[in-house]
Amino acid sequence: MMNEEATIQWIEDINIITALISFTYRSVHKYFVRELSQYHIGWGHFAILMSLYDQEGRSQDSLAQSKGFNKTMIAKSILRLEEEGIVYRKIDPKDKRIKRLYLTEIGRKLKPEMVRIGFEINAFLLKGFDSDEFSSATEVVRKIALNAARL
C-alpha cells in the first residue's frame, strides 16, 4: 500500500483518466464501507435507500433500471435490507408480478444519517472548488458517466 505522500505524488503525475477514476472509486468505496458498516449495509444498499427516500413504492425493476444495476444485484440487496429490517416488499395489488419497495420505521429513521453520509462525501470531494469549478467538474464527470453508460 502506498503511503499518503507517494499516493499524492502518483495522482499529481499520472495523466490517465481511467486510473484517476479508478483511484477515486476505490477511495469513495472505502469511505462508504467505513461509514455504513455499523448499519450492516454497503454502497449498493445506500443507493437503494436514497432512491426510496426520494420515491417509496418503486418496483425492483424500475429501481434497477434507474440506477444501472442488474436485477439480480437489486434482488440480493433488497433481501439484505429486509433482513436488517430497513425495507419491505409488497406485491402490487394491480399487477401481482410487481414487488413494490417500502421503508420500515427503521429505514425512515436512518434517513438523516444516510443524507449526512452522502453530503459529507460530496462536500469532501469538492472541497476548495468555487461555484464555476463545481459546475465545470459536474459537467465533465457527467459526460464521462454518459460515455461510460454506452460501454
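The values are calculated or read from the model by the stated rules, or taken from the named source; none is laboratory data. The structure presented is a predicted model; accordingly, all values stated were derived computationally and were not measured. A quick note on method: Cβ atoms are made from the backbone with ideal geometry, for glycine too, and the neighbour counts reach across all protein chains shown.
Filtering the stretch 124-151 to residues that are without any contact (Cβ under 8 Å) to a residue 24 or more places away in the chain, loosely packed, with under 10 Cβ neighbours inside 10 Å and not basic (Lys, Arg) leaves GLY128, ASP130, SER131, ASP132, LEU146, ASN147, LEU151. Looking across the stretch 93-110 at every residue that is out of contact with any Ser or Thr (no Cβ under 7 Å at 6 or more places or on another chain) and at pLDDT below 95, the one that is surrounded by the fewest Cβ atoms within 10 Å (Cβ to Cβ) is identified as LYS94. Within the stretch 77-117, restricting attention to residues that are of a type in the set (Lys, Arg) and not in a helix (DSSP H, G or I), the residue that is nearest to SER135 (Cα to Cα) is ARG100. For the stretch 70-89, a tally of residues being modelled with pLDDT under 90 and crowded, with 17+ Cβ neighbours inside 10 Å returns 1. Does GLU120 count as of a type in the set (Asp, Glu), assigned to a loop (DSSP other than H, G, I, E, B) and surrounded by 12 or more Cβ atoms within 10 Å (Cβ to Cβ)? Against the criterion (of a type in the set (Asp, Glu), assigned to a loop (DSSP other than H, G, I, E, B) and surrounded by 12 or more Cβ atoms within 10 Å (Cβ to Cβ)), GLU120 does not qualify.
Helices (runs of 4 or more DSSP H) fully within the stretch 1-65 that include at least 3 residues being basic (Lys, Arg) and over 30 Å from ILE98 (Cβ atoms): 17-36.
In this entry, PHE129 passes the filter for residues that are in contact with a helix residue (DSSP H, G or I) (Cβ under 8 Å, 6 or more places away or on another chain) and either of a type in the set (Asp, Glu) or farther than 22 Å from ASP54 by Cα (or both).
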